[in-house]
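This report concerns only the one structure given below.
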Amino acid sequence: MSFEKTWRWFGPSDAVTLRDLRQMGIQGVVTALHHIPNGEEWPAEEILRTKKEIESYGLRWSVVESLPVSEGIKTGDLSRDQLVENYRLSLRNLGACGIDTVVYNFMPVLDWIRTDLHFTTPSGGESMLFHYPTFAAFDLFILKREGAAADYSPEMINKAEKVFREMTPEARETLARNIIVVSQGFIDGVIKGGDSDYIPLFLNYLRKYDAIGPKELLMNLAYFLNAVIPAAEEAGVRLAIHPDDPPYPVLGLPRIVGNIEDITAIMNLHPSPNHGFTFCAGSLSASKGNDLPAMARALAPRIRFLHLRNTRWLDEDTFYESGHLDGDTDMVALMKVLLGEQHRRIRAGEPGSRMPLRPDHGVRILTDFQLATNPGYPLVGRLKGLAELSGLEYAIERELTG
Ligand code: DNO
C-alpha cells in the first residue's frame with residue numbers, strides 16, 4: 001500500500017515496545033528525544049542512539065514529533081535568537097543522521113485540550129472529550145483569568161456557572177490538572193508533573209501573551225521560519241507544522257493554525273517545499289467550519305505527514321474522539337483525496353513523495369485498561385484504528401488502480 005504506516009512511540013519508557021511495533025506491521029516510528037529539555041540542541045550522538053535502537057528492530061525513524069518550539073520563540077522575547085540557533089543546529093544534526101521529517105506546532109503555552117480524559121463511549125470504551133462550557137468554567141472560575149468574561153457570550157457564562165456549581169472540589173482540581181499538566185507533560189509541555197503550584201505558574205505563562213494577538217504571533221512564526229527554513233533545506237529536512245487543537249483561540253491566547261485561510265497564509269509565508277503541513281484530521285475536525293476533504297485537496301502538495309482520527313459531536317458544545325472511521329468526518333472522502341495526492345507524487349517521481357500516516361489517538365478498549373499509556377495513546381484502540389484505516393486505504397487503492 002502507498003502510505004508509510006507509522007506509530008507514535010514515546011521512547012524506552014513507552015509500554016508499547018519497538019518489538020510490538022514490528023509485530024503490528026509498523027514501518028516507521030514517530031518519536032522525539034523526550035529526555036532533552038525543550039529549547040536545547042539535539043546532539044547527533046543522541047539522535048543516532050535512538051535511530052540505531054529503532055533500526056535494530058527492522059524499523060526506521062520516519063518522523064520527529066515534535067522538535068518543540070520554545071515559548072521564547074513564540075513570544076519573540078530576548079531568548080529567541082539563541083533558541084532559534086539551537087533549533088537550526090538540531091535540524092542540521094537530524095538531517096546529517098538521515099531523519100527527514102520534523103513536526104512542530106505554534107500553539108502558545110498549551111498543546112491539545114480536552115476537558116475529560118476518561119469519557120465512556122457508547123460501546124463502553126474510554127475516550128477523550130471536550131465540553132466547551134466546562135472549559136469556560138475552568139477559565140472563568142478555576143483559573144479566574146483576568147478579563148476572561150469578555151471572551152464568552154452571556155449564554156456560555158451561564159452554562160459555565162452551572163457546570164462549576166455542580167462540580168466537587170476534587171473534580172475542579174482534576175479538570176485543572178488535566179488541562180495544565182496531565183495532557184501536556186508527556187509532550188514536552190511547559191509545566192511538568194512535579195509542579196504543585198501549577199495554576200500561578202500557568203497564569204504567568206499566559207500573561208506573556210498579553211500584548212500578542214494573532215498578527216504578532218504570525219510575525220513571530222514568520223521570523224522563526226525565515227531563520228530555520230534555510231537550515232532545513234540545507235539539512236534535507238521537511239518541516240511540517242501541526243494544526244491547533246481545538247483550532248481556535250483559547251484562554252486569551254491567539255491560535256493561528258486552525259482553518260484553510262490560516263494554513264494557506266502560513267504556507268504563503270515561504271515557498272520552500274521544506275515548509276509543509278501535518279494534516280491532523282482530528283484537530284481540524286474540532287471546528288465545525290472545517291471541510292476536511294476540501295482542505296486536503298487545497299493543501300495537498302504541502303502535506304508532509306498524516307494524522308488520521310475522527311471526532312463526533314454530541315451537541316453544539318461537545319465533541320469526543322470517536323473511532324477512526326466512525327465519526328463526523330467523512331474518512332472515505334478524505335482518504336480518497338489523500339491517496340490521490342500520494343499516487344500523483346509517485347507518478348510524478350517527486351523526490352520526497354512519501355506521506356507517512358499514523359493513527360492518531362485511539363479509544364481505550366480491552367487490555368488497554370491494563371497498560372499504562374499516555375492519554376490518547378492506547379495500544380489496542382490505536383491498532384484497531386490503524387487496521388481500519390489500512391483496510392480503507394486498501395479498498396480505495398484497488399478502486400483507483402483497478
Ligand atoms: C496530540 C498530538 C499533538 C502533536 C503536537 C505536534 O496527541 O497530535 O500533541 O504531537 O501538537 O507538535
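The values are calculated or read from the model by the stated rules, or taken from the named source; none is laboratory data. These numbers come from a predicted model, not from an experiment. Every residue, glycine as well, gets a Cβ built from its backbone with ideal geometry; the counts of neighbours run over all protein chains shown. Note: areas computed on protein heavy atoms with side chains; ligands, DNA, RNA excluded. Shrake-Rupley method; radii C 1.70, N 1.55, O 1.52, S 1.80 Å.
Structure notes:
- Heavy-atom accessible surface of segment 116-207: percent carbon and sulfur, 1.4 Å: 55 percent
- Of Thr329, Gly236, Asn290, farthest towards positive along the dipole that unit charges on Lys, Arg, Asp, Glu beta carbons give the chain: Gly236
- Amide proton proximity set for Cys280, modelled H, under 5 Å, gap of 5+: His307
- Amide H contacts of Asn105 (H built 1.01 Å from N, in plane; Pro and chain starts excluded): Val69, His242 sit under 5 Å, all sequence-distant by 5 or more or on other chains.
- Near Arg19, once Lys and Arg are set to +1 and Asp and Glu to -1 for all other residues with Cβ below 15 Å from its Cβ, the sum equals -3.
- Only beta bridges with both residues in segment 301-363 are counted; by DSSP, about 60 percent of them are antiparallel.
- With helices as the sole contributors, the chain gives -12500 deg cm²/dmol at 222 nm; each DSSP H run of n ≥ 4 counts as -39500 (n - 2.57), and the sum is divided by every residue.
- Sorting 268-275, 306-313 by average packing, meaning the other beta carbons within 10 Å per residue, from highest down gives 306-313, 268-275.
- Furthest towards positive pole of dipole, Asn226, Thr174, Trp313, structure part the chain, Cβ charges: Asn226
- Relative contact order (%) - criterion: Cα under 8 Å, at least six apart; region: the chain: 17 percent
- Derived scalar couplings between HN and Hα for segment 39-52 equal x, 8, 5, 8, x, 4, 4, 5, 5, 5, 4, 5, 4, 5 Hz in order, rounded to whole Hz, by the Karplus curve 6.51 cos²θ - 1.76 cosθ + 1.60 (θ = phi - 60°), x for Gly and Pro.
- Applied to segment 382-391, the Karplus parametrisation 6.51 cos²θ - 1.76 cosθ + 1.60 on θ = phi - 60° returns per-residue 3J(HN,Hα) values of 6, 5, 4, x, 5, 5, 5, 5, 5, x Hz, with x for Gly and Pro.
- For segment 116-207: relative contact order, % (alpha-carbon pairs under 8 angstrom, 6 or more apart): 21 percent
- Loop-resident sites, segment 110-204, for trypsin sites (Lys or Arg not before Pro), counting at most 11 other Cβ within 10 Å (DSSP): Lys144
- Comparing Met24, Leu78, Pro375 along the charge dipole axis of the chain, the residue lying farthest to the positive side is Met24, per the Cβ-charge model.
- Rounded to the nearest 20 debye, the dipole size of the chain about its Cα centre is 820 debye, using +1 on the Cβ of Lys and Arg and -1 on the Cβ of Asp and Glu.
- The Thr174 and Glu216 beta-carbon pair, evaluated with R₀ = 30 Å, returns a calculated FRET efficiency of approximately 0.35.
- Spatially close lysines, pair count over the chain: Cα under 18 Å, gap of eight or more or interchain: 8
- The HN-Hα couplings worked out from phi for segment 227-234 by the Karplus form 6.51 cos²θ - 1.76 cosθ + 1.60 (θ = phi - 60°) are 7, 9, 4, x, 5, 5, 4, 4 Hz, whole numbers, x standing for Gly and Pro.
- Gyration tensor (alpha-carbon) shape descriptor, segment 25-134, a/c threshold 1.5: oblate
- Distant-in-sequence amide contacts of His131, defined by a placed amide H-H separation under 5 Å and a gap of 5 or more residues or a different chain, comprise Thr115, Asp116.
- Rounded if a/c under 1.5, otherwise prolate or oblate - segment 324-368, Cα gyration tensor axes: oblate
- Three-way shape label, segment 116-207, alpha-carbon gyration tensor, a/c 1.5: oblate
- Considering all C-alpha pairs of the chain, those separated by over 33 Å amount to 29%.
- Beta-bridge orientation, the chain: approximately 35 percent antiparallel, per DSSP, counting only bridges with both partners inside.
- Sorting the segments 243-252, 384-393 by their residues' average number of neighbouring beta-carbon atoms within 10 angstrom, most packed first, yields 243-252, 384-393.
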